[in-house]
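Enquirer: First, the structure itself, so that you have it in front of you.
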Amino acid sequence: MLLRTLLAATLVFTTLVAPAQAHDVSSGSYIKSSPGHGRFPLVAGGKAAAIHVSQADFPGVTRAVGDLQTDVEKVTGVKPAVSTDAPTRGEVVIVGTLGRSPLIDQLVARGKLDVSAIRGKWETTIEQVVRDPLPGVRSAFVIAGSDQRGTIFGVYDVSKEIGVSPWYWWDDVPVPKRNALYVEPGRHTQGTPAVKYRGIFINDENPALGTWGPEFFGSGLAPGYPGGFNRHLYAKVFETMLRLKANYLWPAVWGRAFAEDDPANHATAKAYGIVMGTSHEAPMMRGIEEWNRHAVAGTSDPYGGNGDWSFRRNRNAITEYWRDGVQRMKTEDFEGVVTLGMRGNGDVSLPDGDGIDLMTDIVNTQREILATEGMTDVPQVWTLYKEVQRYWDRGMRVPDDVTVVFTDDNWGNMRKLPDRSAPPRAGGYGLYYHYDYVGGGRNYKWVDTNQLPNIWEQLNLSYTYGVDRLWVVNVGDFKNEELPTQFFLDYAWKPMPLEKVTDWERGYAAQNFGTGQSREIAEVLHDYAALQSRRKPELLNRLISLDPSKDLSTDSAAVVYDDQASPYSLTNYREAERVTAEWAALSARAEKIAGRLPQNAQDAYFQLVLYQVKATANLYALRLAQFTNIRYAEQGRAATNDLADVAEARFADDQAMSDHYNTGLAGGKWKNWQLQPKIGYGDIARYGPNAPWQQPELNHVALPDAFYPALRRITVPAVAEMGVEPATLPEFSPYQSAPEQHIEVYNKGTVPFDYQIRPSVPWLRAEPSRGRLDKQVRSTLKVDWSRAPRGTTEVPITVTGPNGSTSVVRAVVKNPSGPVRGFVEAGGYVSLEAARPSKTVGSWKKIPGIGRTGDGLTPWPVTAPRQTPGGNSPRLEYDLHLFTTGPVKVWAYLSPRNNVLPTEGLKYAVSVDDATPQVVDVISATGSDDTRMNKQWERNTSDNVNRTVTTHTITGAGSHTLKFWMVDPTVVVQKIVVDTGGLLTSYLGPPPSRHL
């Protein structure tokens, strides 16, 4: 019974306690816990090898050595000495950079260290045990880098190998304890990074990081700017970036100015060895907040302009403003990548109108400034974000040495990639990707909702097409996106095949929680991402539908938004209940693992796993109760107010988890971090015209304002009055795999009554069929197929209630005769997962879990040329058995991709049997314009699927072959549904059909 299920779904928040468990160093590591032949004793017998680093080396290297010293002490309890003198005896660790460290250069000169494999390489390291490296020194563990960051990455790789997670500070991951540490003999290296600049963008940082950061680290250190992010906060960011082998940062921008909030911020980046950049909206190494603070209209404008961020109307002032940014970069002598181009203030399109002439003038002016200041050798990027991509599409080009950065559509789907037939660019190509976003169809900022199979497919596609100069990902608050951030950076360092993604997930879990539970934790995180990929939590009260009376390609009103409806069907296929039950089961698995983890891992587990799983499961239970409550109120059900109680209880659980996050974790370390709204979206009356996509104000957390749409409470009369639903049951079939069918009998009053359910035939049974009803009951209908007659039978089912009242429910039972083969029609449809073809022609790649309900298939390789469908061209074939003749509709569920290639449209084709394939342009068929990202795009990305349809004629019942043809190589097909006349409206589509 639904009410009982909801009441049982209470997710009461509890403090987690568990027995201690060992955390083992990975067996694949070059660091071991026991001695062995040729192994170097990093820590043994209560003593640690001294670490030697030259004073002449980069400050970033000597600083990182200090972290290694601390890490070794955390793991072993023994603190190694750090010396800047040359070692003279014993066994030592030597850290240094080629050409900068006399110690390393001396080893090379003596023939003790072969650096030919790293000399001249970018950010490359070798770690090697060297015997008799220097006079009197028995052996040395040498960490040598080709450049500053090469050495730093080598140092932090040792920290990782001894068991210190990159997230030890940001997520309170405990450090494993070891009595001894030994280094395997031989040469070890992490190789040279595949992508030169690899980084993150801290963005959309309010209310979480923006509230917590200044409170924890203190306000900005520059007078007059108390809300800034200072050197102490960024030092923690920089350290973690380096532990993840990232080298490049776009700093926070919401009301923040990196260079001014703390004048030491740039110096701190330099000291750590971080390359600084600015976002796509912040040209010439100046954040837009600097302009907002200084370029005030009138005489207070220090640049003599009118304060407008308009190159047409305020050219001289803006030019001087940019010049100041470049001069500051030169004076402070920090490493950076300069952003070219311009967007409007607030990350919108330019107020001057868009045009190639204007953008060309802007870029030329910026290049002239760089030339005048002697900064032409500084790396430069031009980012094709939103409307800026149109300039590129229409032929605008920037100088060849500038890196052109392609972007996704803010929802993880790349919009454009390089034309492989075009000449190579000296500046190469870059990528800007999103794990967090503020904008349409809705902000998603609360918890990680990114799925590795989807990320892998898009990163692999981009890298294969030559995007390898600069990668940056919007990570929102930085914390909360740990897993996808680390995956992004690991892939940028060394692209991995799809088959290694599962191993990576397990390695991530082992890195943070040890090997004992790593498989199960990885599986929970994998399944969590799969469930989240269906729909962002912020969108759980928004139904996006299509108006069939309007033309999708020309009328944006064809897309209809309803923020007072559930996207998941409350009635058809029991969809909302099934999805909520999946979340509840996942939450139970996550909590079971928590019970087996040691006490010192509980805070880390809550932050990295349990909170996002449990809180999202709780939110699904809340939404199910909320929308069921509204539906019950419309029907006048006696259980209406019970569902309101359930929804409010789920809200209380949500607040309890947030309170624990804000006050209980790590002794209150994360005070006011968990403030991000996720429930009150869409209330225009309260939050204004941007409410459909913009986050609500924080005061939504107070009851009853927390709920939009509002919960309903009704006055239940003191009577016994029966209600029954549905009036007509979906078609029964022996081949259906959908959930069992039900009749719900409910009371509209407070007086209990007796009920009875009587099918008109003996081979259709109702369980239960009678009883005393207080509020409601759900009865399951079962067909005895051994007794049911062949053909189609209509069966009336009589439900009797108080005072002899009756209601008749209509059931249609279809029991076809004859053998069947393939995916069998039942319930008026055939639903199949695309990754289960009966036959494959050509090369296709299965991407496990990329679909909303299963795996996906894409043509392979991704560089394959466009195909003309037909003959023996690449295709997927699916054997069907249909009982219906005449026109049927074939719905293709595709990942919501844009056309990234220099071709017209994004296409596939469908045919049945030997009919001519029908070619479908995914872009034009759905009215999408991937350069403007219109309302249809909002629907596709919000739903995380692009559904297109073709119509085919079935001339006879029996076996048929559905063919899905490759046209473009970047199409990812998830699911195919054949509507033979009985398909019901649902979000995920109907359950899969049986295959015989």
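Only the coordinates and a few stated rules stand behind these numbers; no lab work does. Model, not experiment: these values are computed from the prediction. Here the Cβ is made from the backbone with ideal geometry for all residues, glycine too, and neighbour counts use every protein chain on show.
Enquirer: To the nearest 20 debye, what charge dipole does segment 823-979 have about its Cα centre, counting +1 at the Cβ of each Lys and Arg and -1 at the Cβ of each Asp and Glu?
Expert: Around 280 debye, computed over segment 823-979.
Enquirer: Using +1 at the Cβ of each Lys and Arg and -1 at the Cβ of each Asp and Glu in segment 31-183, identify which of Tyr182, Val115, Gln55 lies farthest towards the dipole's positive end.
Expert: Final value for the positive-end residue is Tyr182.
Enquirer: Now for a separate question. Which entries in Lys479/Lys846; Lys845/Lys907; Lys614/Lys748 show an alpha-carbon gap greater than 26 Å?
Expert: In this structure, Lys479/Lys846; Lys614/Lys748 lie more than 26 Å apart at Cα.
Enquirer: Just how large is the dipole of segment 383-496 about the Cα centre, in debye to the nearest 20, putting +1 at every Lys and Arg Cβ and -1 at every Asp and Glu Cβ?
Expert: Computed about the Cα centre, the dipole is about 360 debye.
Enquirer: Tally the DSSP beta bridges in the chain and give the antiparallel ones as a percent, rounded to 5.
Expert: 70 percent
Enquirer: Next question, about the same structure. How big is the shadow of the Cα convex hull of segment 31-183, averaged over all directions, in nm²?
Expert: 8.5 nm²
Enquirer: At 222 nm, what helix-only mean residue ellipticity would the chain give, in deg cm²/dmol to the nearest 500, using -39500 (n - 2.57) for each DSSP H run of four or more?
Expert: One gets -8500 deg cm²/dmol as the mean residue ellipticity at 222 nm.
Enquirer: Could you line up Val973, Val475 from fewest to most neighbouring Cβ atoms inside 10 Å? Show your work: numbers first, answer last.
Expert: Numbers: Val973 24, Val475 27.
Arranged by neighbour count, lowest to highest, Val973, Val475 become Val973, Val475.
Enquirer: What is the dipole size for segment 433-498, taken about its Cα centre, with +1 at each Lys and Arg Cβ and -1 at each Asp and Glu Cβ, in debye to the nearest 20?
Expert: Dipole of segment 433-498, to the nearest 20 debye: 120 debye.
Enquirer: At 10 °C and a viscosity of 1.306 mPa s, what translational diffusion coefficient does Stokes-Einstein give for the chain, taking Rh as the Kirkwood radius over Cα pairs? Give it in µm²/s as a whole number. Working shown, then result.
Expert: Numbers: Rh = 31.2 Å.
Result for D is 51 µm²/s.
Enquirer: Semi-axes of the equivalent ellipsoid of segment 736-815: what are they in whole Å, largest first, if each equals the square root of 5 times a C-alpha gyration tensor eigenvalue?
Expert: Working through the eigenvalues yields semi-axes of 26, 13, 10 Å.
Enquirer: Now for a different question. Excluding residues fewer than 8 places away in the same chain, name every one of the lysines whose C-alpha is closer than 21 Å to that of Lys196.
Expert: Leaving aside lysines fewer than 8 places away in the same chain, those within reach of Lys196 are Lys121, Lys245, Lys270, Lys416, Lys494.
Enquirer: Aspartates and glutamates within cross-link reach of Lys445: Cα-Cα under 13 Å, excluding same-chain residues under 8 positions apart?
Expert: Cα-Cα hits under 13 Å: Asp204, Glu205, Asp436, Asp477, Glu481, Glu538.
Enquirer: Which of the lysines could be linked to Lys47 by a straight reach, that is with a Cα gap under 25 Å, when you skip same-chain ones fewer than 8 residues away?
Expert: Lys32, Lys74, Lys79, Lys160, Lys177
Enquirer: Along the charge dipole of segment 736-815, which of Ser807, Pro762, Thr750 sits closest to the positive end, that is, farthest toward it, with unit charges on the beta carbon of Lys, Arg, Asp and Glu (+1, +1, -1, -1)?
Expert: The one lying farthest along the dipole's positive direction is Pro762.
Enquirer: Please arrange Tyr632, Tyr561 by counting, for each residue, the other beta carbons lying within 10 Å of its beta carbon, fewest first.
Expert: Tyr561, Tyr632
Enquirer: If you don't mind, there's one more thing I want to ask. Considering the Cα trace of segment 204-278, what is its radius of gyration and what is Dmax, both in angstroms?
Expert: 11.5, 35
Enquirer: Another question, if that's okay. Ranked by Cβ crowding within 10 angstrom, fewest neighbours first, how are Glu825, Glu123 ordered? Kindly include the intermediate steps, with their values, before the conclusion.
Expert: Numbers: Glu825 30, Glu123 25.
Exposure proxy ranking, most exposed first: Glu123, Glu825.
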